[in-house]
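Written out below as structure tokens is the structure these notes cover.
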Amino acid sequence: MPEKMVKVLIVDDSAYNRQTIKRMLEADTQIEVVGVAHDGVDAMAKVMRLKPDIITLDFEMPEMDGFSFLRWLMKKNPLPVIMVSSYSDKKTVFTALELGAADFISKPTRNASVELFRIRDDLIRKVKGIRDLRLDNLRISRNLVPKEKEPARGRPERQAPPPQSREIRSVAIGASTGGPAALQVILADLPAHFPAAIMISQHMPRGFTGTFAERLNRLSALTVKEASDDMPVEGGTALVCPGGYHMTLKGRERNLRVALHPAKDTDRYTPSIDAMMTSVAERYGETVVGVVLTGMGNDGKSGTVEIKDKGGYTIAESEETSVVFGMPQEAIKTGAVDRVLPLGEISAEIVRVVMNTGDEQWKKIQGS
């Protein structure tokens with residue numbers, strides 16, 4: 001039986017962008033563009049009349065902007081939304097994600113230009129993949145994200161980690177659609193004296209990961225930074241791979257450093273979770289924990305196998321909370337995943353394995 005057509009409503013104030021996005025999407029036989037709208041008011045009427053499955057949404061529009069429309073949509077008629085934004089909107093992208101947008105794509109330029117065609121493959125992939133998105137889980141993960149704390153000066157001082165029977169030196173985390181909220185939940189729940197280094201690859205365009213790392217840093221008791229080439233890998237610090245690059249490790253033993261590799265236009269996933277996990281497995285062996293969170297596709301599948309083959313410990317987010325279960329499901333199918341857990345339990349499991357804590361110790365850590 002052929003797959004059901006995905007019905008899309010395009011919302012953008014630029015006539016050129018509306019028609020260009022329409023042409024890109026209609027080139028795929030499984031996508032039907034049911035309508036276009038020039039602002040939020042127009043979009044409201046067409047959502048009710050055309051019953052789309054997915055909406056692509058621009059931020060800046062007359063009459064009613066993207067934020068106002070998104071608030072109305074999530075209250076009155078929740079639907080998956082892909083924000084199509086320019087680089088200059090990077091700070092507002094995360095506000096849109098908090099309001100309920102499922103994912104976003106960065107326009108190559110703010111101006112009407114044929115360069116917009118560069119997003120075609122990514123847009124088609126996300127529109128088709130997002131049909132499996134679970135809006136209820138998207139709301140659950142957003143609700144789990146705590147309020148931002150005071151800047152770094154307000155954090156508790158780092159304490160010496162407790163003694164361990166098995167040293168875990170690194171945690172490698174990969175995520176895609178729904179990942180920003182999931183990562184905020186996990187990083188906010190780790191204690192100040194967490195001893196392992198954390199490596200994060202979140203599928204995100206160039207230019208947005210620095211802002212994302214800053215948000216994580218404000219939420220977490222740990223230090224969170226956007227990684228740069230040759231940066232040292234240190235315990236108690238989380239490094240976010242910059243968009244447009246793949247992150248691996250170089251060096252030996254306790255003098256490991258970040259190695260960044262520019263992504264190619266032909267790379268399906270950027271940053272590559274598999275590349276990061278494979279490199280971490282090679283350098284850390286059995287002293288690494290690998291975590292695959294929500295996302296479409298199969299990035300992280302082979303990396304999970306590599307970590308397990310080297311004696312490491314592996315975790316996948318369960319279908320119960322995954323916004324899109326694609327990536328965790330593919331990792332689980334390999335048989336290389338040790339624990340399958342809902343988002344709210346993953347931090348505790350990471351701490352249990354890394355710091356050798358039981359339930360009572362974890363409760364004390366959370367209260368410290």
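The values are calculated or read from the model by the stated rules, or taken from the named source; none is laboratory data. Note that the structure is predicted; figures quoted are calculated from it, not measured. So basically every Cβ, Gly included, is an ideal-geometry build from the backbone, and we count neighbours across all protein chains shown.
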Original post:
Do the conditions hold for Ala238, that is, is it part of a helix (DSSP H, G or I) and among the small types (Gly, Ala, Ser)?
Top reply: no
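Considering only segment 242-297, how many residues are of a type in the set (S, T, N, Q), under 15 Å from the mean Cα position of the chain (by Cα) and farther than 20 Å from Thr211 by Cα?
Total meeting the criteria: 1.
For every residue, the table says whether it meets (1) without any contact (Cβ under 8 Å) to a residue 12 or more places away in the chain; (2) touching a Leu at 6+ places or on another chain (Cβ under 7 Å); (3) hydroxyl-bearing (Ser, Thr, Tyr).
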| position | (1), (2), (3) |
| --- | --- |
| Leu50 | no, yes, no |
| Thr56 | no, no, yes |
| Met61 | no, no, no |
| Asp65 | no, no, no |
| Pro78 | no, yes, no |
| Ala101 | no, yes, no |
| Arg131 | no, no, no |
| Arg134 | no, no, no |
| Leu138 | no, no, no |
**OP:** Kindly provide the set of residues from segment 12-53 that are modelled with pLDDT of 95 or more, β-branched (Val, Ile, Thr) and either surrounded by fewer than 19 Cβ atoms within 10 Å (Cβ to Cβ) or not in a helix (DSSP H, G or I) (or both), ordered by number.
**Re:** Ile31, Val33, Val34, Val36
Original post:
Can you name the residue in segment 81-103 that is at pLDDT below 85 and in a strand (DSSP E or B) and is also surrounded by the most Cβ atoms within 10 Å (Cβ to Cβ) among such residues?
Top reply: Ser85
**OP:** Identify all residues within segment 200-216 that are under 18 Å from Asp299 (Cβ atoms) and either within 13 Å of the chain's Cα centre (by Cα) or assigned to a helix (DSSP H, G or I) (or both); write none if there are none.
**Re:** Ile200, Ser201, Gln202, His203, Met204, Pro205, Phe208, Thr209, Phe212
Subject >> Which numbered condition Glu63 fails, given (1) out of contact with any Gly (no Cβ under 8 Å at 6 or more places or on another chain); (2) of a type outside the set (Val, Ile, Thr); (3) on the phi > 0 side of the Ramachandran plot >> reply: (1)
Original post:
Looking at this structure, is Thr248 in contact (Cβ under 8 Å) with a residue 60 or more places away in the chain, in contact with a strand residue (DSSP E or B) (Cβ under 9 Å, 6 or more places away or on another chain) and buried (at least 17 other Cβ atoms within 10 Å of the Cβ)?
Top reply: no
